[in-house]
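Below is one structure, written out as structure tokens; comments come after it.
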Amino acid sequence: VAGRIASPLEKLAGMVRNEGSEASFDSVPAWYYEADSLKEAVQYHRHAVAARMAALSDEAMSDPLTGLCNRRGFTLLADRNRDDATQCVIAIDIDHFKKINDWYGHEAGDAVLVSLAGLLRQTCRAGDVVSRFGGEEFIVLLPRTSVEDAARTAERIRELVRSTTFPYVGVMTVSAGVAALADSAGDRDTMLRRADEALYQAKSAGRNAVIVAGPGSV
């Protein structure tokens, strides 16, 4: 009798040590009330811990202000598309953002960033990776996209921003740089660098513009 009573407890303890699956917990023959209650408590605790770990993982991958991916989240999601040779990236930067903070305050700057993040979500596809790299710079990864379509998406974003009324500041603009993986020796870091260089060419050209990094040297 003592062995039968102890058996489910021993199995439960072993499965907890080994981080057993849900199926393994179901296999515990908790035939009396106390063992069944303990089994339910252990399962509840495992679910709570798993949910907390998932939340912590999401927090580590997300920008706390906009809810978009941060650099870490971008890298992890972009890794899932590492075999896609037809991807492109758009680097986006708010024009004169320092003046927005200086004239209207950081609360206004934060509101502008949140609003722009919402516009990017609306404009981009479900499979695109929309991220904030810090400050006023945003990066959008476009899987399975030609450089021509990426340029059209960037232009659509630029025009949408120009025609939108933002909190505190009213009208503002963005500049954008576009680069393709195929023109970057198949290297993501090179693609990001080339998009960033194209972005600053757009800034130098007078802002409120989209520049596509041309094929050639990387």
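The values are calculated or read from the model by the stated rules, or taken from the named source; none is laboratory data. These numbers come from a predicted model, not from an experiment. Glycine gets a Cβ as well: all are built from the backbone with ideal geometry, and neighbour counts include every protein chain shown. These area figures cover heavy atoms from the full protein model, side chains too; ligands, DNA and RNA do not enter into them. Shrake-Rupley method; radii C 1.70, N 1.55, O 1.52, S 1.80 Å.
How many of the residues in the range 175-189 are within 22 Å of the chain's Cα centre (by Cα) and of a type in the set (Ser, Thr, Tyr)? Going through the range 175-189 one residue at a time, the tally reaches 1. If you go through the range 149-197 and pick out every residue that is over 19 Å from ALA85 (Cα atoms), open to solvent by 30 Å² or more (accessible area, probe 1.4 Å) and of a type in the set (Gly, Ala, Ser), you end up with 1. Residues in the range 132-148 that are in contact (Cβ under 8 Å) with a residue 12 or more places away in the chain and of a type in the set (Asp, Glu) were compared, and the one that is surrounded by the most Cβ atoms within 10 Å (Cβ to Cβ) is GLU136. Beta carbons closer than 7 Å, at least 6 apart along the sequence or on distinct chains, never pair a first residue in the range 51-72 that is assigned to a strand (DSSP E or B) with a second that is open to solvent by 90 Å² or more (accessible area, probe 1.4 Å) and modelled with pLDDT of 90 or more.
Kindly indicate whether any position in the range 94-108 is touching an Asp or Glu at 6+ places or on another chain (Cβ under 7 Å), buried (at least 19 other Cβ atoms within 10 Å of the Cβ), at pLDDT 95 or above and closer than 23 Å to ALA182 by Cα. No, that holds for no residue. Just name the residue that is modelled with the highest pLDDT out of those in the range 190-206 that are farther than 15 Å from ILE94 by Cβ, more than 22 Å from the chain's Cα centre (by Cα) and hydrophobic (A, V, I, L, M, F, W, C). Here the answer is ALA198.
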